[in-house]
Amino acid sequence: KKQFVLYFQPKVQLLDNNIIGVEALVRWLHPVEGLLGPNMFIDIIEQSMFVHEFTRYVLLNAIIQCRTWLDSGIELPIAVNISPYNLMDSDLVSFISDLLVHYKVPASLIEIELTENASMVNIEKTQEVFTQLKKLGVKLSIDDFGTGMSSLSYIKHLDVDYIKIDRSFIIDVVTDKKDEAVISSLLVLCKKLNKLTIAEGVETIEQANKLTNLGCDLAQGYLYSKPLPVEEITKLLIARKRNNSR
Ligand code: C2E
Ligand code: CA
Ligand code: CA
């Protein structure tokens, strides 16, 4: 019924606060319950037979949005979350490839975020699909990094572009020396492995400053913007563009 809509949250460069991309976060515009966040329904979808169809719907809408923005002079990468179960969708890569061709969207403007958690299918399968996606030219991220059981194995075996450091490490980064130690070591590791780092859930200027000083590349969080409906994010992007060209 097209009741799922995408909201978009900016990803910014810590050094200059420039928006370098957005993450698409799904919402359910429920006719009776109102606007529902993914925590209310993602688990149910992931355990249902609709998980492939759902992700394809999100990908389709993200790629169409990319095209719409390109047509109005905004060239901005969109990240889409996929569920580990989607790695079993044997036509996923050709589905994405066909959409990119059809909508004439450069593959480098689409990013796939895969969460690193205990339920993840085996690493060989992930590697296989990621290799195909990489060949297409789409960007890859490991989401919620540090929350799963095999983070170091993933960072070693998967050829991803971005590592998204889970919010649980960011919350107390200013006050908790242990969180600071974990993050700063992780940043060193990512730099050595040539991966860009994104801090998730940055809410205060103190966290942002700390992360900048530790050498983190990018950030996402309420400090910059909540996830916004398309009209609002587009306004924000246009305003930024105007300011930058001044
Ligand atoms: P995620 O991928 O880790 O997305 C980040 C979540 O953190 C989003 O919640 C976002 O609104 C929230 N967030 C961002 N900045 C802040 C902050 O500064 N403070 C706090 N407290 N939270 C912040 P949201 O939109 O409720 O999404 C929850 C999860 O649902 C996502 O976590 C993702 O795993 C999943 N999800 C969302 N959209 C999709 C989708 O299209 N497909 C799939 N498979 N999963 C999705
Ligand atoms: Ca994500
Ligand atoms: Ca995340």
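The values are calculated or read from the model by the stated rules, or taken from the named source; none is laboratory data. Please read these numbers as outputs of a predicted model, since none were measured by experiment. So basically every Cβ, Gly included, is an ideal-geometry build from the backbone, and we count neighbours across all protein chains shown. Side chains are part of the model used for accessible areas, which takes the heavy atoms of the whole protein and leaves out ligands, DNA and RNA. Shrake-Rupley method; radii C 1.70, N 1.55, O 1.52, S 1.80 Å.
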_For a quick check of your reading of the model, give me the residue pairs whose first member lies in the range 31-58 and is under 14 Å from Met88 (Cβ atoms), whose second is more than 9 Å from ligand 1 (Cβ to nearest atom) and open to solvent by less than 40 Å² (accessible area, probe 1.4 Å), with beta-carbon atoms closer than 6 Å and at least 6 apart or on different chains._
His52/Asp89
*So which residues in the range 156-173 are among the charged types (D, E, K, R) and touching a Lys or Arg at 6+ places or on another chain (Cβ under 8 Å), if there are any at all?*
Asp159, Asp161
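Just one of Glu46, Glu33 is open to solvent by 30 Å² or more (accessible area, probe 1.4 Å), among the acidic types (Asp, Glu) and either more than 16 Å from ligand 3 (Cβ to nearest atom) or within 19 Å of Ile238 (Cα to Cα) (or both); which is it?
Numbers: Glu46 fails: either more than 16 Å from ligand 3 (Cβ to nearest atom) or within 19 Å of Ile238 (Cα to Cα) (or both).
Just a single option satisfies the conditions, and that option is Glu33.
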*Would it be correct to say that Gly215 is away from ligand 2 (no atom under 16 Å from the Cβ) and touching a Ser or Thr at 6+ places or on another chain (Cβ under 8 Å)?*
yes
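Each row is one residue, and each column tells you yes or no for (1) without any contact (Cβ under 8 Å) to a residue 60 or more places away in the chain; (2) basic (Lys, Arg); (3) under 26 Å from Ser90 (Cβ atoms).
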| site | (1), (2), (3) |
| --- | --- |
| Asn122 | yes, no, yes |
| Leu136 | yes, no, yes |
| Thr147 | yes, no, no |
| Leu152 | yes, no, no |
| Ile165 | yes, no, no |
| Val173 | yes, no, no |
| Lys177 | yes, yes, no |
| Leu189 | yes, no, no |
| Asn209 | yes, no, no |
*Considering only the range 143-177, how many residues are part of a loop (DSSP other than H, G, I, E, B) and open to solvent by 40 Å² or more (accessible area, probe 1.4 Å)?*
9
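If we scan the range 203-212, do we find a residue that is within 12 Å of ligand 1 (Cβ to nearest atom), among the acidic types (Asp, Glu) and in a loop (DSSP other than H, G, I, E, B)?
If we filter the range 203-212 for residues that are within 12 Å of ligand 1 (Cβ to nearest atom), which is where we start, we get 203-204, 207-208.
So of that shortlist, the ones also among the acidic types (Asp, Glu) come out as 203.
Pick out the ones that are also in a loop (DSSP other than H, G, I, E, B) and you get 203.
Scanning the range 203-212 turns up at least one residue that is within 12 Å of ligand 1 (Cβ to nearest atom), among the acidic types (Asp, Glu) and in a loop (DSSP other than H, G, I, E, B).
Okay, residues lined up against (1) in contact with a helix residue (DSSP H, G or I) (Cβ under 6 Å, 6 or more places away or on another chain); (2) surrounded by 15 or more Cβ atoms within 10 Å (Cβ to Cβ); (3) among the polar types (S, T, N, Q):
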position: Ala62; (1), (2), (3): no, yes, no
position: Gln65; (1), (2), (3): no, yes, yes
position: Pro77; (1), (2), (3): yes, yes, no
position: Tyr85; (1), (2), (3): yes, yes, no
position: Ile110; (1), (2), (3): no, yes, no
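Would you call Ile78 of a type in the set (A, V, I, L, M), closer than 19 Å to Lys11 by Cα, in contact with a Cys (Cβ under 7 Å, 6 or more places away or on another chain) and at pLDDT 95 or above? Spell out how you get there, then give the answer.
Working: of a type in the set (A, V, I, L, M): yes; closer than 19 Å to Lys11 by Cα: yes; in contact with a Cys (Cβ under 7 Å, 6 or more places away or on another chain): yes; at pLDDT 95 or above: yes.
Here the answer is yes, as Ile78 does meet what is asked.
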*So is Asn213 on the phi > 0 side of the Ramachandran plot and open to solvent by 80 Å² or more (accessible area, probe 1.4 Å) or not?*
no
*asked:* Just to be sure I understand the filter: pairs with C-beta atoms under 9 Å, separated by 6 or more residues or on different chains, first member in the range 100-114 and in contact (Cβ under 8 Å) with a residue 60 or more places away in the chain, second member β-branched (Val, Ile, Thr) and within 16 Å of ligand 2 (Cβ to nearest atom). Which pairs pass?
replied: Glu111/Ile78; Glu111/Val80; Glu111/Val138; Glu113/Val80; Glu113/Ile82; Glu113/Ile142
